[in-house]
1. Of all residues in the stretch 82-99, count the ones that are in contact (Cβ under 8 Å) with a residue 40 or more places away in the chain, out of contact with any Gly (no Cβ under 7 Å at 6 or more places or on another chain) and farther than 24 Å from F325 by Cα.
2. Of all residues in the stretch 324-338, count the ones that are within 23 Å of A243 (Cα to Cα) and among the hydrophobic types (A, V, I, L, M, F, W, C).
3. Checking S248 against (1) assigned to a loop (DSSP other than H, G, I, E, B); (2) in contact (Cβ under 8 Å) with a residue 40 or more places away in the chain; (3) of a type in the set (S, T, Y), which test does it fail?
4. Which residue, of Q158, Q167, is open to solvent by 40 Å² or more (accessible area, probe 1.4 Å) and closer than 16 Å to L121 by Cβ?
5. Pairs only if they're at least six apart or on different chains, beta carbon under 7 angstrom, first in the stretch 363-388 and under 21 Å from E252 (Cα atoms) and among the basic types (K, R), second surrounded by fewer than 18 Cβ atoms within 10 Å (Cβ to Cβ) and modelled with pLDDT of 95 or more; list them, first residue then second.
6. Which of the residues that make up the stretch 332-342 are surrounded by fewer than 17 Cβ atoms within 10 Å (Cβ to Cβ) and either in contact with a strand residue (DSSP E or B) (Cβ under 6 Å, 6 or more places away or on another chain) or among the aliphatic types (A, V, I, L, M) (or both)?
7. Find the residue count for the stretch 69-99, including only residues that are outside any loop (DSSP other than H, G, I, E, B), surrounded by fewer than 19 Cβ atoms within 10 Å (Cβ to Cβ) and touching a Lys or Arg at 6+ places or on another chain (Cβ under 8 Å).
8. Scan the stretch 396-422 for residues that are open to solvent by 40 Å² or more (accessible area, probe 1.4 Å) and either touching a helix residue (DSSP H, G or I) at 6+ places or on another chain (Cβ under 6 Å) or part of a loop (DSSP other than H, G, I, E, B) (or both) and jot them down.
Amino acid sequence: MSKPALFNQSVVRTLASALLLGALLWGVSACAKGERPALELQPPRPVVWADYLGVNAHFLWFEPAQYRKQMDQLQALGLQWVRVDLHWDTIEPREGQFRWDVLDPLMAEMERRGLQAEVYLVGSAPHATSAPAGSANPDQYPPKDPALYARALVHLAQRYPKVVAWQVWNEPNLPAFWRPREDPAAYGRLLQTSVQAMRREAPGRRIVLGGMGYFSQMPTRGGSLMVEALAKGGLFSLDVITAYHPYSLYPEGDDAQALDFVHRARQGNASLRAAGARDIWADEWGWSSYAGPKEEQPIIGEQGQADFVTRRLALMSALDYDKIFLFALSDLDQRAGARDRRYGLLDEAGNTKPVYNAVQRLLQVTGPRLLPGKAPVVSGAVPGLISIGWQRPDGRRLWMFWAAQPGQVQVNGVKQAVLHDVLTGTRKELGSAGTVQVPVSTSLSVLEW
């Protein structure tokens with residue numbers, strides 16, 4: 001990008017170390033005794049679930065009757081944000097001929113329901129791809145001219161003015177979305193061209209960086225960070241929303257004992273703020289309930305998916321994100337691979353899975369809005385106890401917690417409380433002889449008093 005950087009280059013250099021190296025160093029010191037340390041997170045700000053938590057929705061994979069049912073289920077959770085994928089090669093199969101017949105009904109239905117949308121445009125159209133002749137996947141190559149992409153994005157934004165945010169591509173740091181090799185300079189040109197065109201011809205829309213996979217590592221470039229490379233070219237002077245996809249093997253990170261997700265999110269987001277990022281979205285994260293064969297992610301099944309998602313949701317709510325989008329609203333059909341088919345809160349028919357029910361129970365316990373609180377003081381050692389304190393507007397206090405191993409603690413200063421298990425839906429009154437003894441499990445529980 002040609003615009004000058006508007007911040008100190010020493011801040012830029014901290015991005016890589018904070019995101020990639022810090023977790024290792026922190027993990028060594030914290031886990032010197034071989035067990036996960038206790039962690040208390042203090043939320044930085046209130047959370048309003050309807051504005052904070054969104055869901056990725058592949059509406060165009062389905063017929064209108066099916067995606068309307070999916071929208072019903074989303075709204076039953078009290079949520080309103082969706083991240084919607086538009087594949088350029090499918091919606092503009094010939095230059096200038098958009099599939100308004102499928103796009104218009106979808107956009108009208110979202111507007112009718114008051115859904116707020118982040119829409120991303122990805123996958124080069126046939127007339128625009130830079131793929132060599134005879135390529136098996138021409139859509140996975142970037143456009144030969146960034147202006148062609150910018151023109152299509154503007155055309156969509158002008159036709160659908162109610163869409164709040166438009167995202168420029170998806171995961172351009174991964175070769176699967178930017179063949180033959182990730183290229184920060186080329187993506188920087190696409191981003192800048194798109195931003196300039198949108199600001200000129202479709203003003204007022206929010207523009208989102210192209211959802212970097214993981215923490216923006218570039219696999220064929222030694223794991224260096226695309227965000228760092230873009231920052232050197234003036235990324236933050238463009239005033240776009242910074243977005244990345246913090247997938248990991250476990251809710252706490254790739255190394256659950258080291259809690260590396262928590263550390264990377266804390267240090268990485270702090271560095272992004274210091275570099276000039278105003279808004280940070282984690283607009284893809286989640287786990288599949290697939291049955292195998294194994295593809296990178298451990299096979300955890302439907303109950304494991306519910307466990308992992310609710311633990312990660314509790315963690316992310318207490319970290320410095322402006323918005324997060326769970327992946328995904330619905331399972332997909334056989335057009336997707338074995339793992340990718342089963343990320344949904346809903347099955348293919350639109351029926352709820354255990355993960356949906358667990359998220360719904362958590363949101364029912366918390367209510368629509370949470371205020372930052374503090375975890376209670378407890379007596380009793382439980383390895384790897386994770387604690388997050390909240391307060392509801394009605395004055396009720398909430399403690400979200402789980403641990404690396406089951407155990408029990410006594411909550412000091414509390415005489416009566418209610419224990420909620422979000423996975424099973426059980427609710428238990430606690431309190432005897434003026435003390436509250438609380439069982440601690442490896443999945444998310446919420447204590448209310």
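1. The total comes to 2.
2. Result for the stretch 324-338: 6.
3. So the condition that S248 fails would be (2).
4. Q158
5. K374/Q42
6. Result: A336, A338.
7. Residues in the stretch 69-99 being outside any loop (DSSP other than H, G, I, E, B), surrounded by fewer than 19 Cβ atoms within 10 Å (Cβ to Cβ) and touching a Lys or Arg at 6+ places or on another chain (Cβ under 8 Å): 2 in total.
8. Those that are open to solvent by 40 Å² or more (accessible area, probe 1.4 Å) and either touching a helix residue (DSSP H, G or I) at 6+ places or on another chain (Cβ under 6 Å) or part of a loop (DSSP other than H, G, I, E, B) (or both): R396, A404, Q405, P406, N412, G413, K415, Q416.
The values are calculated or read from the model by the stated rules, or taken from the named source; none is laboratory data. Note that the structure is predicted; figures quoted are calculated from it, not measured. Using ideal geometry, Cβ is built from the backbone for each residue, glycine included, and neighbour counts are taken over all protein chains shown. Calculation scope for accessible area: heavy atoms of the full protein, side chains included, ligands and nucleic acids excluded. Shrake-Rupley method; radii C 1.70, N 1.55, O 1.52, S 1.80 Å.
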